[in-house]
Amino acid sequence: MSGRRARCACGELQVDLVGEPDVVVICHCLECQRRTGSVFGVGAYFPRSAVTSSSPYRTYSRPGSSGHALHFHFCERCGSTVFWELELRPQHIGVAVGAIGDLGMSPPARSVWEATRHPWVEFSCELGRHPRQVT
């Protein structure tokens, strides 16, 4: 088992991760595009028991395009979203792959909300492609 640490831009919010993620997912929904300021978000989903944080954070909750609630946890100081909880996946914690900063992370297995993927975005890895969210 490997140990990793995800952190925000200023380093105040840190999340410790144990083991490998169960799945890495690319999301092209418009909400993830707005949240990240990029054309997609990439999340590594770890079992709840593998994620711990002792740092202070704030939470922004909203309904997702799938109809299930999402709770994004971000740094109080710099505003970086580091991890989140999804009503759709209650047994997992999603962690922003960019916040982990590990070039050895598993490649994404799925690409969801492809219905709103920018047509010029292409990936070299094999992906399960879904026009909307999958459970």
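What follows is calculated from the coordinates using simple rules that are stated; it is not laboratory data. The structure presented is a predicted model; accordingly, all values stated were derived computationally and were not measured. Every residue, glycine as well, gets a Cβ built from its backbone with ideal geometry; the counts of neighbours run over all protein chains shown.
Quick notes on this one:
- Mean residue ellipticity at 222 nm, helices only, the chain: -1500 deg cm²/dmol; runs of at least 4 DSSP H residues each add -39,500 (n - 2.57), and the sum is divided by the number of residues.
- Full-extension gain in nm, Cys10 to Leu103, via 0.36 nm per residue minus C-alpha separation: 31.5 nm
- Test item: Cα-centred dipole of the chain, Lys/Arg +1 and Asp/Glu -1 on Cβ, debye: 260 debye
- Qualifying chymotrypsin sites (Phe, Trp or Tyr not before Pro) in region 29-135, DSSP loop, other Cβ atoms within 10 Å at most 11: Trp120
- Debye equation applied to the C-alpha atoms of the chain, log10 I(q)/I(0) at 0.21 Å⁻¹: -1.40
- Selection among Pro108, Pro21, Ala9 by position relative to the dipole of the chain gives Ala9 as farthest towards the positive end (Cβ unit charges, Cα centre).
- The GluC sites (Glu not before Pro) of region 8-91 meeting both criteria, a DSSP state outside H, G, I, E and B (loop) and at most 14 other C-beta atoms within 10 angstrom of the site's C-beta, are Glu76, Glu87.
- Using 0.36 nm per residue and subtracting the Cα-Cα separation, the extra length available between Val39 and Arg62 on full extension is 6.3 nm.
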